[in-house]
Amino acid sequence: MSAHPARSLSRVLEDLGSTLLDLLHGDAETAGEIGGVAIHDPHDEQHHPPHAVVLGVGVHGTEEIAGLLRGLRAHEAAALVVRGPVEDADGLADVVAETGVALLALTRGASWAQLAAMLRTLLFEGDVGEAEAQTLGGVPSGDLFALANAIATLLDAPVTIEDRRSRILAFSGRQDEADSARVESILARQVPERYLRLHEEDGVFRELYRGDGLVHVPAPALGDEEALPRVAVAVRAGDEFLGSVWAALRKPLTPEREKAFGEAAKLVALHMLRFRAGTDAENRLRAELVTTALEGGAGAVEALGRLGLVTEPTLVMAMGLAPASDEDHAHVTAERQRLAGALAVHLTAVQPRSAVALLGDVAYALFPVTGDTAHARERAAQVASNFLQRTGERAGAVIGIGSVAQEPAALARSRANADRALRVLATGRTGQRVTSITDVYVDALLLEMRDLAIAHRDELSGPLARLAAYDAKHNAHLVETLRAWLDAFGDVITASASVFVHPNTFRYRIRRVAEVGRIDLQDPSARFAAMLQLRLMGTDVGGRVRPDGTDPAAPAAPGPGTDPATPAG
C-alpha cells in the first residue's frame, strides 16, 4: 500500500514510475494535492483547474517550455508534462525553482491520451457520490495500482493485472527491471498481439482458464527479442474468469512466494469485482445526477453541486445516432455506449468538470462555459466537431448544441434546444454533423409547426389545395412547378433546369399555376404563404399533410424521347 496521498504528485510518480514519467526538476513532495488534469492548447483560451497536472502536447525546446512554465505559475499548476527526452533539461532547473511548477517528461512512444486516462483513473476514480473509504486486505477498495505494488513487494518482481482480453488494468512500479515486451504492453495498455498468439499456441491461456494454480511461462523466443520468463495466476470470482496477474521473473519464486502469489489472486478478484461494481454504480449515479440536473427542478442545484457544476454557466450537448433497425439494434446500442464513453473522455480532457450520461438513445453532456454567450457556443461547437472528426464518419453521430444556461433552472431549456438542433441534424438536410440551435432555429421551428399540423390532421387549403387537386386529376406537375419557381426566386431558366423541362414549357406551366390556383404571384404575401405551406407540409395527391415534406406527385427527370418543349396541363 502506498504511503503517499492518493491525489499527490508523489503517488502519481510512484504508480506510473519511470515506465511513463520521469521527474526532471521540482519537488514532488511539496506539490500538494493535484486538482485535475489539463491539456495545454496554445491556440485556445486556457482554463486549468488549480494545482493541475498540465499536459504540454507539442511543446518542445527549452525556450518554449520555460515560457509555458512561467505562464502556468499564474494558474497555480502543480506540474507540467512534456515529451521526453528534453534537450538541455538542466537549463530549466532555475525556471522550475522560480515558478514552483514541477517538470516531468513523458516516455517516448507513450500516448498522451493513455496518460490522461491513467492520470484521471489514479486521481479521480470514484469521485461522484462520495463514500467512506473501504479497504480489502489493507489496500483501498478497488485501487488496483496499490494492489499491484503490494503484490510486487511480496514477489520482489514487477507485476501487471490484466483483464480477460489481456488489457492492462494496473501495474506495479519497477517495470524498468522487466523487459521491452513488458514496457511495450504498459505503454499500449495491451499485451502485444505477437505474444498473445505465442501464448495461445503454447496453451498458456488454456491452463489459466482451466486451472487454479500458477502457470509458469518460459521466456518466449521471438526473433532477436529478449524477454524474461513469466509466472501467471488466474483471477476468478466463482466460475467467472475475471482476468490474470503476471509477474516478470529474473529468478524463480520460492515456495513461500508462490503460495503468497496464489493467495493474492483471491484478493485481486475482490478488488476487481469492487472496481467493476464501483464503476457501474458510478455510471448509474452520474446518469441520475445528469438527468436530475437536466430536468431543472428542485433537485437540479444539488445534482449540479455533486457534479461540481453549480457555480458557472453551462450548456447542453445532445449526441445521437441514426435510428436502429431490428437487425442492427444491438450493434447501434453498443455503438451509442461506446461513443458516449469516448465523448466523456474527450470533454473532460478539454473541461474536467464536464459530465456525460447516456439517457435512452441520446448522450447528453453538461459542458461548463466561460465568456460571452456567442463565444461559448462557438467553443462548444469546435470541441464537438473535433470529437466527431476523431471518431470518423462511419459511426454517423451528430451533435446538437443547446442554449447557454446561466442558472440551474435554465438547463431544461438548454436540453430542449439541444434536442431541437439534434432533430434538425437527423433530417440530413443541413449536411452538417454539429450545429447550435441558434444556427438552425428556423428549421427547428418549421419541424415543430409541421408536427402541429400533423397533430391537427390539417389539410391543404387555398391555392395549394387547388393546384394539388388539379395535379391529381391531370398529372400537370403544377405544385412542382410552383416549388421550383419559388426556390429559384422567379428565375425561369434556373427553375426549369431544376425540373428538367424546357423554359417555354416552364413559362406555360407557371401561367397555369396562377390561373388554376388563383394566386397572384406578384404579391409577396401570397408567395410567402405558398412557400411556407410547401416547406411545412408537402402533399400527396389527396392534399393531406405529409410528415416528411415530400411530394410523391413530383416526376422523375424525363427519359430519352421526351419532348421538353411540349406544354402540359
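The values are calculated or read from the model by the stated rules, or taken from the named source; none is laboratory data. A quick note: this is a predicted structure, and the numbers were derived from the prediction, not measured. Positions of Cβ are generated from backbone atoms using ideal geometry, with glycine treated the same way; all protein chains shown enter the neighbour counts.
Things to note:
- Sole exception among (1) under 50 Å from the mean Cα position of the chain (by Cα); (2) surrounded by fewer than 18 Cβ atoms within 10 Å (Cβ to Cβ) for V499, by number: (2)
- Note on region 66-82: residues that are at pLDDT 90 or above and surrounded by fewer than 23 Cβ atoms within 10 Å (Cβ to Cβ) total 4.
- Of all residues in region 120-160 being out of contact with any Phe, Trp or Tyr (no Cβ under 7 Å at 6 or more places or on another chain) and under 17 Å from A188 (Cβ atoms), the one that is modelled with the highest pLDDT: P158
- Qualifying residues in region 93-104 (those that are surrounded by fewer than 20 Cβ atoms within 10 Å (Cβ to Cβ) and of a type in the set (A, V, I, L, M)) - the one nearest to R7 (Cα to Cα): A97
- Looking across region 203-234 at every residue that is among the charged types (D, E, K, R) and in contact (Cβ under 8 Å) with a residue 24 or more places away in the chain, the one that is surrounded by the most Cβ atoms within 10 Å (Cβ to Cβ) is identified as E225.
- Selected residue (criterion: modelled with the highest pLDDT) from residues of region 13-34 that are over 28 Å from the mean Cα position of the chain (by Cα) and assigned to a loop (DSSP other than H, G, I, E, B): G26
- Checking A248, A237 one by one, the residue that is assigned by TED's automatic domain parsing to the domain that holds D179 and exposed (fewer than 15 other Cβ atoms within 10 Å of the Cβ) is A237 and no other.
- Meets criteria (surrounded by fewer than 21 Cβ atoms within 10 Å (Cβ to Cβ) and under 24 Å from E240 (Cα atoms)) for S180: no
- Restricted to region 414-460, and to residues there that are more than 20 Å from A363 (Cα to Cα) and either of a type in the set (G, A, S) or touching a Pro at 6+ places or on another chain (Cβ under 9 Å) (or both), the residue that is surrounded by the most Cβ atoms within 10 Å (Cβ to Cβ) is R450.
- Residue match in region 419-427 (condition: of a type in the set (G, A, S) and under 25 Å from the mean Cα position of the chain (by Cα)): yes
- Residues of region 165-211 classified as closer than 16 Å to L228 by Cα and hydrophobic (A, V, I, L, M, F, W, C), total: 8
- Flag: F261 matches the condition of being on the phi < 0 side of the Ramachandran plot, touching a Leu at 6+ places or on another chain (Cβ under 9 Å), at pLDDT 90 or above and in a helix (DSSP H, G or I).
- Of residues in region 453-482 being of a type in the set (A, V, I, L, M, F, W, C) and free of Cβ contacts under 8 Å to residues at least 60 places away in the same chain, the one nearest to D520 (Cα to Cα): L482
- The selection criterion, being in contact with a strand residue (DSSP E or B) (Cβ under 9 Å, 6 or more places away or on another chain), over 30 Å from T391 (Cβ atoms) and either among the basic types (K, R) or assigned to a helix (DSSP H, G or I) (or both), holds for R457.
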